[in-house]
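*Asks:* Let me give you the structure first, and then I'll get to my questions.
The values are calculated or read from the model by the stated rules, or taken from the named source; none is laboratory data. Every value quoted in this text rests on a predicted model; they were computed, and no experiment measured them. Virtual Cβ from ideal backbone geometry, glycine too; neighbours counted across all protein chains shown. All accessible areas refer to the heavy atoms of the entire protein, side chains included, with ligands and DNA or RNA removed. Shrake-Rupley method; radii C 1.70, N 1.55, O 1.52, S 1.80 Å.
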There are 2 protein chains.
Amino acid sequence: MIKSFKELEEHAAQGETRRIAVVAAHDKEVLLSLKDAVHNNIVSPVLIGNKKEIESLMKELDIRYEAEIIGTENDQESAEQAVQLVSSGKAHMLMKGLISTPVILKAVLNKEWGLRTGRLLSHIAVFMERAHHKLYILSDAAMNIAPDLDGKKQILENAVEVAHKLKNEKPRVAPICAIETVNTDMQATVDASLLSKMNDRGQIKGCVVDGPLAMDNAVNEEAAKHKGISSPVAGNADVLLVPTIEVGNAIYKTLAFFADVEFAGTIYGAGAPIVLTSRSDSYQTKYNSIVLAAALAM
Amino acid sequence: MIKSFKELEEHAAQGETRRIAVVAAHDKEVLLSLKDAVHNNIVSPVLIGNKKEIESLMKELDIRYEAEIIGTENDQESAEQAVQLVSSGKAHMLMKGLISTPVILKAVLNKEWGLRTGRLLSHIAVFMERAHHKLYILSDAAMNIAPDLDGKKQILENAVEVAHKLKNEKPRVAPICAIETVNTDMQATVDASLLSKMNDRGQIKGCVVDGPLAMDNAVNEEAAKHKGISSPVAGNADVLLVPTIEVGNAIYKTLAFFADVEFAGTIYGAGAPIVLTSRSDSYQTKYNSIVLAAALAM
């Protein structure tokens with residue numbers, strides 16, 4: 001099982017170097033964020049966008065990594081070219097540059113040459129807690145607003161697939177609620193119970209699901225014991241499945257600003273992982289996200 | 001402005017010692033949790049419950065603090081006696097012992113001799129972030145499940161009253177969402193906007209409300225700047241108003257298990273603050289909660 005971003009990096013560097021199609025790459029921060037990942041033989045970039053600007057930025061920034069550059073006229077064309085590179089097998093993953101997310105997603109979801117799999121796209125955050133020497137998966141903190149039961153099932157399945165690629169063969173999934181008991185006034189506890197039973201009956205495979213759990217008894221054995229919860233997941237959850245985007249986002253950002261935690265993030269569920277960092281992410285988060293996507297594209 | 005639990009303790013010790021009516025006090029942990037608060041002249045306990053058991057526990061635990069003991073036959077009688085002590089002015093605050101929360105709340109909400117104020121009861125968590133040297137107020141992480149706009153307004157008003165009692169005259173309130181823009185697919189952002197406008201128009205007083213904000217741009221100035229948010233609240237929120245119990249609970253427990261944070265909690269909105277610690281709370285949290293309630297009862 002991969003337990004840290006250092007181990008993830010070593011794992012990603014072992015495989016064949018993955019080609020990353022960067023959409024609208026004419027952006028300083030994006031070009032810089034690739035530097036170490038290219039240097040460490042984790043990715044090989046195809047930079048798609050305003051060719052002149054990309055070249056002049058690379059010169060200005062003294063970027064010396066090798067990169068194929070594909071010139072395009074506009075954002076839509078950049079997105080189409082990038083997605084087609086991936087769907088034709090010439091690249092293995094996508095990265096968002098200076099372009100709005102909907103324009104990329106529209107190309108990803110194109111019915112003819114897109115990367116549709118019939119599955120829901122979801123945001124996966126991976127975070128490392130140094131004290132536990134462990135990678136947690138948190139989903140969905142950024143994309144699906146208030147998924148119904150089927151949406152939660154698909155988000156869960158995407159997260160489990162990511163866990164498998166991180167060499168966690170049977171991840172423990174905690175559907176996170178405010179309490180650990182069933183309360184029909186709280187839909188999150190109802191859906192958590194249903195997902196657990198679907199897992200019992202083989203409708204959700206490759207993992208152990210047990211909820212409702214609250215954050216404390218999901219991640220802390222003492223807290224689980226205090227509540228007298230007997231569960232294969234409680235206290236040792238690997239996947240934190242949140243009921244709404246507000247819950248996921250609050251956990252992510254509380255960790256980011258109050259705890260000592262490292263992150264990576266990706267959009268998952270299409271034919272290839274998508275790196276979608278934001279300007280406010282630290283360099284470390286951007287680097288980790290590229291490494292994560294490379295590992296998921298192996 | 002009170003900026004730490006140390007300052008809160010000093011403040012609470014200054015006033016007249018508050019009488020705390022402890023409901024179903026026949027419990028080791030509850031009796032122990034009062035020890036330092038009594039010693040520091042912050043509270044003077046009235047222990048209500050099984051008198052024999054209280055006395056034998058105090059002997060067993062070698063508890064030497066002075067306390068009035070009122071013997072009762074059962075939990076309901078304990079709750080009634082305690083609430084009547086408060087409503088008649090003979091005690092200033094309530095504390096939950098070995099009794100279920102609904103039994104206490106039923107007595108609190110009694111129409112004849114209860115502590116009704118016509119306002120919503122809400123859970124208030126106060127947490128201290130050492131790095132910022134600041135007390136944050138988080139609500140509602142434990143009581144109201146999915147409040148509508150009016151519920152959020154009342155939760156907000158309770159939180160603002162608590163902030164005032166912590167000597168923060170014009171607290172900055174951030175209604176927490178997953179994003180900082182208006183999106184009608186996300187009710188939290190709609191309610192956040194409405195609460196802000198209600199504050200602009202004087203329908204909510206004594207504070208500055210500005211949302212929607214996400215956790216990062218609520219508490220971190222850099223994150224707010226990154227997003228180009230110009231707001232009197234962004235980056236410097238004192239009150240984190242969450243849209244659902246799941247969001248509040250997740251923030252609380254993420255802080256508790258991944259960050260270096262100290263807590264206090266209370267139920268607020270009745271005629272007197274209610275200390276409602278749980279068995280899994282640390283001694284520090286229990287002590288802080290008693291101190292907080294004493295300060296709120298001043």
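*Asks:* So how many residues does region A:169-206 have that are of a type in the set (S, T, Y) and within 12 Å of chain B (Cβ to nearest Cβ)?
*Replies:* Going through region A:169-206, the residues of a type in the set (S, T, Y) turn out to be A:181, A:184, A:189, A:193, A:196.
Narrowing the set further to residues that are within 12 Å of chain B (Cβ to nearest Cβ) leaves A:184, A:189.
Here the count works out to 2.
*Asks:* Could you go through region B:172-180 and let me know if any residue there is assigned to a helix (DSSP H, G or I), touching an Asp or Glu at 6+ places or on another chain (Cβ under 6 Å) and over 27 Å from B:I2 (Cα atoms). Let's see the steps before the verdict.
*Replies:* So in region B:172-180, the residues assigned to a helix (DSSP H, G or I) come out as none.
Within region B:172-180, not a single residue is assigned to a helix (DSSP H, G or I), touching an Asp or Glu at 6+ places or on another chain (Cβ under 6 Å) and over 27 Å from B:I2 (Cα atoms).
*Asks:* A follow-up question, please. Can you spot a residue in region A:267-286 that is in contact (Cβ under 8 Å) with a residue 24 or more places away in the chain, crowded, with 24+ Cβ neighbours inside 10 Å and part of a helix (DSSP H, G or I)?
*Replies:* Yes, there is a match, as at least one residue in region A:267-286 is in contact (Cβ under 8 Å) with a residue 24 or more places away in the chain, crowded, with 24+ Cβ neighbours inside 10 Å and part of a helix (DSSP H, G or I).
*Asks:* Return the residue satisfying two criteria in turn: it lies in region B:253-276 and is aliphatic (A, V, I, L, M) and within 15 Å of the chain's Cα centre (by Cα), and of such residues it is farthest from the other protein chains (Cβ to nearest Cβ). Reasoning before the result, please.
*Replies:* We begin by selecting, within region B:253-276, every residue aliphatic (A, V, I, L, M); these are B:255-256, B:259, B:261, B:264, B:267, B:270, B:272, B:274-276.
When the remaining residues are screened for being within 15 Å of the chain's Cα centre (by Cα), the result is B:264, B:267, B:270, B:272, B:274-276.
On the way: B:A264: 17, B:I267: 16, B:A270: 22, B:A272: 25, B:I274: 19, B:V275: 19, B:L276: 15 Å.
Among them, the one singled out is B:A272.
*Asks:* In addition: Here is a list of conditions, (1) in a helix (DSSP H, G or I); (2) open to solvent by less than 30 Å² (accessible area, probe 1.4 Å); (3) away from every other protein chain (no Cβ under 14 Å), and B:K106 meets all of them except one; can you say which number that is?
*Replies:* (2)
*Asks:* May I ask you to say which residue of A:A79, A:A37, A:A91 is assigned to a loop (DSSP other than H, G, I, E, B) and small (G, A, S)?
*Replies:* It is A:A91.
*Asks:* Let me ask another. Would you call B:S289 in a loop (DSSP other than H, G, I, E, B) and either among the β-branched types (V, I, T) or more than 10 Å from every other protein chain (Cβ to nearest Cβ) (or both)?
*Replies:* no
*Asks:* For region B:10-34, which residues satisfy the criterion of being of a type outside the set (S, T, N, Q), outside any loop (DSSP other than H, G, I, E, B) and open to solvent by 40 Å² or more (accessible area, probe 1.4 Å)?
*Replies:* Filtering region B:10-34 for residues of a type outside the set (S, T, N, Q) gives B:10-13, B:15-16, B:18-32, B:34.
Cutting the leftovers down to outside any loop (DSSP other than H, G, I, E, B) gives us B:10-13, B:18-23, B:28-32.
Of everything in region B:10-34, those that are of a type outside the set (S, T, N, Q), outside any loop (DSSP other than H, G, I, E, B) and open to solvent by 40 Å² or more (accessible area, probe 1.4 Å) turn out to be B:E10, B:A13, B:R19, B:K28, B:E29, B:L32.
*Asks:* Looking at region A:237-252, which of the residues that are closer than 14 Å to A:M128 by Cα and either open to solvent by 10 Å² or more (accessible area, probe 1.4 Å) or part of a loop (DSSP other than H, G, I, E, B) (or both) is nearest to the other protein chains (Cβ to nearest Cβ)?
*Replies:* Applying the first criterion (closer than 14 Å to A:M128 by Cα) to region A:237-252 yields A:237-240, A:251-252.
Imposing the further condition that a residue be either open to solvent by 10 Å² or more (accessible area, probe 1.4 Å) or part of a loop (DSSP other than H, G, I, E, B) (or both) reduces the set to A:237-238, A:252.
Details: A:A237: 11, A:D238: 15, A:Y252: 8 Å.
So, considering only residues that are closer than 14 Å to A:M128 by Cα and either open to solvent by 10 Å² or more (accessible area, probe 1.4 Å) or part of a loop (DSSP other than H, G, I, E, B) (or both), the one nearest to the other protein chains (Cβ to nearest Cβ) is A:Y252.
*Asks:* Do you know which of the residues in region A:216-236 that are touching a residue at least 60 places away in the same chain (Cβ under 8 Å) and open to solvent by 20 Å² or more (accessible area, probe 1.4 Å) is nearest to the other protein chains (Cβ to nearest Cβ)?
*Replies:* Applying the first criterion (touching a residue at least 60 places away in the same chain (Cβ under 8 Å)) to region A:216-236 yields A:219, A:232-234, A:236.
Applying the additional criterion that residues be open to solvent by 20 Å² or more (accessible area, probe 1.4 Å) yields A:232, A:236.
Details: A:P232: 19, A:N236: 13 Å.
Within region A:216-236, the match that is nearest to the other protein chains (Cβ to nearest Cβ) is A:N236.
*Asks:* Take region A:35-61 and flag every residue that is closer than 28 Å to A:L8 by Cβ and open to solvent by 60 Å² or more (accessible area, probe 1.4 Å).
*Replies:* Passing the criteria: A:K35, A:D36, A:H39, A:N41.
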